[in-house]
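What follows is one structure encoded as structure tokens, with my remarks underneath.
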Amino acid sequence: MYFPTTAARQLANNPTLPNIPTEQTVALAPSPRKSLFCTLTRIAINVWSVRPSALLSVLTRTPISILNHGDNLDVWWSPDGNRIIVKTSDSFLVLISVDFNNDAAYASSPLPSNAQRNFLAGPGEALPFPSISLHFEGVVRVEGGLQSVSPRKQHMSFSTRDPPTIQSMPWPTVELDEDDDASIEQNIPLDYNTWLLNDLDFSWLVEPDVYVTEIIHAKVMDGELWITSDGRAYFVGLHEVDGVAEDSPDDHENDTEERQANIQQHWHGTCIHNFKTPKWVQKRRKVEPEDDEPALKYEEPRRATKMAVNTKFSLIAIGTEGGEIQFTNFPSEEGISPKSQQIDVPNPFNRKTGSVTALEWTSDGYVLAVGWEHGWGIFSVGGKCLASAIEVNDAVNEEKFQDIFMYGVRSLFWGPANFDLFVLAKSVPQRNDGQIFVIPFAKSATTGQHSPDNTRYAFLQMDDRALVYRGADQPDLSVINPESDVWQHIKIPQRYLALNWPIRYSSLSNDGRLIAVAGRRGLIHYSSTSGRWKIFAVEDQEQNFSVRGGLLWFHHVLVAAVEVSKSFQIRLYSRDMELTSQNILHREILPAPVVILSIVDNSLLAYTADNTLYHYLIVPTAESIKLHLCGSITFTGIVSAPGAVRMLSWMIPSIQKQIGDPINDLSVATVLMVVGGQLILLRPRKSASDEVKYDIQVLAERIEFCWIHLRGVGALENSLWAYDAQGMRVWLNALSIESPPVDDPDVKDVKESVKIPLDFYPLSVLMDKGIIIGIEHEAAVRTNLPFALFRHATSSYLFLQHILLYHLENKQISEAVTFASHYKNLVFFAHALEILLHTVVESDLAGASSGNQNTEETPNELLPTVIEFLDHFDVALDVVVGCARKTEPTRWRQLFNVVGNPKGLFETCLATNRLKTAGSYLLVLHNLEQLDENSNEAIRLLMSAVKGKDWQLCRELLRFLRSIDDTGQALRNALKHVDIGGMNVSVI
């Protein structure tokens, strides 16, 4: 999904300006659009550009200001990016205005023409630096001990400690917009407000004597999050309550203004992170300790320290003082908090992580970045650890090692399009430089566009290139060899990246040969056959539109959802023609922006932000190609948040494919969607008025990505594959999934046909090779390098045995044979069958050893079924003996009681000239004490090997005879009966 790559780059956070002393950075904060960020030192505020990373403006507080108001502690940006708020140590708020000027921040003399080609702009570096001025706007004194600040569009909320309050203060100048969101922010009047945390108004607090240490607000969330001083977390909202007493109708019949004046705002909350406080702590609160008696310090590792909101998946991440991470969904409207999911943090050396110091989700919601006091990590939305580093190993030279973020993190944030993670490292003694680092990442293209073709190949997107897995086009052994060079690096043209960085959409064609990418503006595409990119020759044509909704390939035609001057279109471009506005094959106008595109066969599905699904047929004509609108349907009442739809596809019944009119596909298709992490099926149902309605069925929760295999290998046709961070879940023939019982509302999940556990993160499934392809993160810290190296290694996993086991458990031997026949020519087919047999033997014996009586019947049923299945293939004898040699000899009798006498199997191998397999059976016969006293079986096999001139097998047989008889008599006896020619044999 997201994987760190190469090495982190280090920013010189101490500006080399006169009269500015060297100071450590204490805080880091990105602007709302992530194009800028500011760093905070004890006395100064520095504003940087993200790409290229350069210092734009510095504002230093005067010594008098530091003396009167205190040192800088923390910093925030206002939602419009025009103001910076600084919290000081003496409970002051310093307001700083950010002015954007038209002049360039850095100006240089133009280069001569012969030198310009040697100074090409890098990704995102073609645009001039913005010129920024910082000015003091004012200072606000906050009585009671300032704790946390939460800037909003119209006002600023903050909390205090003594007395414990929540307060709001309007900005000095507030301009109201007509399109302001109806959220918690609008419920707060534009005036100074103070809410005292008391037992009466805040009775929903678990502990009464607390104050709010952190306030977190998300724009699209109708509420906000609080962390209180006792370490609990709450989801809160502000609601209006009419404070006017009931009077007669004649008294205040028309006095609406007075009634509105008496409307009060009250906070209502739900505890989403709770724990049981020890009784001795509860009793201590009831008794005031004496002044001369020191109170015992209570350290609770479950106390919440940081939180982050994932609005894409309706998820909240909570970090604790003990270093644990928990995921919890938003509470229901009834205020019921769902059960939290404990995230497993890999720590093989049992190092101390310390408390969680920073949490931030990527803008797409797929990945969470975590900072600890002694490390950092990356976790997927399902809880899979993608990368982690807890301290560094002891062999590192601490004086020369520069990547001090490996020792711990104070703050972090994701850059634009999530290609970079900006990290503020914790302070290291005697190390004042290099506290800010930028870690580059490679991410799966499905995070930007979840299309079927992007999931068919392992397809990674980096900052300046695309990586395509080419192992599927190579021999079988190259696929399973992790050392094979199977990744094609396709560098994106520098001219396009310099002006349009970052890349937002990447798309791969069905055959993996065509690639299209789109950045901030325009688009370009590439053919691996010619090795050439096509780019707009006229820059103005490239800059007058932006891709919004995705890119898809239909053979050689590129389908793009674009936004042009606040209008929304679907455009068709040909790979064979130059990229110009005159060469657009077709334009389709839409009333709303496209959220996601999907192509199934020759049907184009376009889901738009107004909750409407459009169905187009892609119709080739004599000279061009066009889109034909077949119909549309609204999902109002079914999908509440169109922007949360991450994947879209559908399944057409077989009868409709064969004899139906494609125009009617929309009315009979079962629609498949991933909405906010939920994998759902929408089943069509016609009402009496012939209007199509949908029955919604949730298949699984917390799905990170999925795809459906519509055509292909036997039982895998119409199979649905989904990854939930624990493993791959497969529903065979998703069209036949039964609806849950109507009378059982607790059924929220549909059990999969097959569950495939995975240790690595999967990126694609090679259906024709029976392999799941993925990658694992690796970090190298060496004594001779002053920095850490990050790389990703390719991993693979066979899934054939899991599908076969499902069929065999259901006594579907013919289906299993049909399915396996598609793969019998693979080099590793016998290995897959061997894993299948070994799994059955091991599971049977494990169940028997646990004392489960039901498992005593299982070996008598499943194992014979597997052996019956193996008998359909020529490699059956090799599979059985290969499984036996990898199993404990004590378990062989159970296996061969079903398979047959190993002596008979040996004779079969010898009769069919399978000499190597017969040699393997010799070990089984020896361990089962079924060998003849004179080793006649070995002698006969040796004679056949000599006759076939298989000298390698002859050597192995002679070693075997020497090993079973220390006196050497068995070896001498064999040499008397066999003429081994010129082989040099010595018997000790």
| Angle in degrees between helix 951-964 and the longest Cα principal axis of the chain, rounded to the nearest 10 | 90 degrees
| Largest to smallest accessible area among L931, L421 [probe 1.4 Å] | L931, L421
| query | Percent of accessible area on the chain owned by carbon and sulfur, 1.4 Å probe? | reply | 47 percent
| request: Obtain the radius of gyration and the Kirkwood radius of the stretch 741-844 from its C-alpha atoms and give Rg over Rh. | output: 1.14
| task | Per residue of the stretch 589-598, in order, report the coupling 6.51 cos²θ - 1.76 cosθ + 1.60 (Karplus, θ = phi - 60°) as ³J(HN,Hα) in whole Hz, putting x for Gly and Pro. | result | 8, 10, x, 9, x, 7, 8, 7, 10, 8
| query | If you plug each phi of the stretch 653-664 into the Karplus form 6.51 cos²θ - 1.76 cosθ + 1.60 with θ = phi - 60°, what whole-Hz ³J(HN,Hα) values come out, in order, with x for Gly and Pro? | reply | x, 4, 5, 5, 5, 7, 10, x, 7, x, 5, 8
| query | What does the helix-only formula give at 222 nm for the chain: each DSSP H stretch with n ≥ 4 adding -39500 (n - 2.57), the total divided by the residues, and the result rounded to the nearest 500 deg cm²/dmol? | reply | -5500 deg cm²/dmol
| query | At what distance in angstrom do the alpha carbon centres of the stretch 768-800 and the stretch 630-689 lie from each other? | reply | 38 Å
| message | Under 5 Å between amide hydrogens, which residues at least 5 positions from V149 or on another chain qualify, with H placed 1.01 Å from N in the peptide plane? | response | I215
| Across bins of 5 angstrom width beginning at 0, how are the C-alpha pair distances of the stretch 436-481 distributed, in whole percent? | 5, 19, 21, 19, 17, 11, 4, 2, 1
| request: Quick one: which residues, 5 or more positions from S764 or on another chain, have an amide H under 5 Å from its amide H? H modelled 1.01 Å from N in the peptide plane, none for Pro or chain starts. | output: I773
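Quick one: net charge around K657, please, counting Lys, Arg +1 and Asp, Glu -1 for every other residue with C-beta under 13 Å from its C-beta.
Details: positive: R711; negative: D601, D661, D665, E717.
Local net charge: -3.
Determine, for each peptide in 770-779, 370-379, the mean count of other beta carbons within 10 angstrom over its residues, then list the peptides with the highest first.
Those peptides, ordered most packed to least, come out 370-379, 770-779.
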| Dipole magnitude of the stretch 531-661, debye to nearest 20 (Cβ charges: Lys/Arg +1, Asp/Glu -1, about Cα centre) | 240 debye
| query | Can you flag which of K384/K811; K153/K339; K219/K339; K566/K693; K312/K426 are past 28 Å Cα-Cα? | reply | K384/K811; K153/K339; K566/K693; K312/K426
| N72: net charge of surrounding residues, Cβ under 10 Å, Lys/Arg +1, Asp/Glu -1, itself excluded? | 0
| task | Starting from the Kirkwood radius over alpha-carbon pairs of the stretch 465-573, derive D by Stokes-Einstein at 25 °C in a medium of 0.890 mPa s and give it in µm² s⁻¹. | result | 164 µm²/s
| request: Can you give me the P(r) profile for the stretch 582-674? Cα pairs, bins 5 angstrom wide beginning at 0, each as a whole percent. | output: 3, 12, 23, 24, 18, 12, 6, 2, 0
| note | Longest principal axis of the chain (C-alpha) makes with the long axis of helix 915-927 (C-alpha) an angle, in degrees to the nearest 10, of 90 degrees
| note | Dipole check, the chain, charges on Cβ (K,R +1; D,E -1), about Cα centroid: among Y496, L225, N611 the Cα furthest to the positive pole belongs to Y496
| message | With +1 assigned to the C-beta of every Lys and Arg and -1 to the C-beta of every Asp and Glu, and no other charges, what is the dipole magnitude of the chain about the Cα centre in debye, to the nearest 20? | response | 4380 debye
| request: Kindly provide the Kirkwood hydrodynamic radius of the chain in Å, to one decimal, from all pairs of distinct alpha carbon atoms. | output: 33.0 Å
| E815: accessible area at probe 1.4 Å, nearest 10 Å²? | 90 Å²
| request: Quick one: plug the Kirkwood hydrodynamic radius of the stretch 322-429 (C-alpha pairs) into Stokes-Einstein at 10 °C, 1.306 mPa s, and report D in µm²/s. | output: 106 µm²/s
| query | What is the helix-to-structure angle for 857-870, meaning the angle in degrees between its Cα long axis and the longest Cα principal axis of the chain, kept from 0 to 90 and rounded to the nearest 10? | reply | 70 degrees
| remark: Note, the stretch 384-389: 3J(HN,Hα) by Karplus (6.51, -1.76, 1.60, θ = phi - 60°), whole Hz, Gly/Pro = x, goes 7, 6, 8, 6, 7, 8
| Which trypsin sites (Lys or Arg not before Pro) from the stretch 537-576 combine a DSSP loop assignment with at most 14 other Cβ atoms within 10 Å? | K566
| task | Could you work out the local net charge near V881, counting Lys and Arg as +1, Asp and Glu as -1, over the other residues with Cβ closer than 11 Å to its Cβ? | result | +2
| task | List every residue whose amide H lies under 5 Å from the amide H of L412, counting only residues 5 or more places away in sequence or on a different chain, with H placed 1.01 Å from N in the peptide plane. | result | L424
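The values are calculated or read from the model by the stated rules, or taken from the named source; none is laboratory data. Nothing here was measured: the structure is a model prediction, and the numbers come from that model. Heads up, the Cβs are rebuilt from the backbone with ideal geometry, glycines too, and the neighbour counts pull from every protein chain shown. These accessible areas exclude ligands, DNA and RNA; they are computed on the full protein's heavy atoms, side chains included. Shrake-Rupley method; radii C 1.70, N 1.55, O 1.52, S 1.80 Å.
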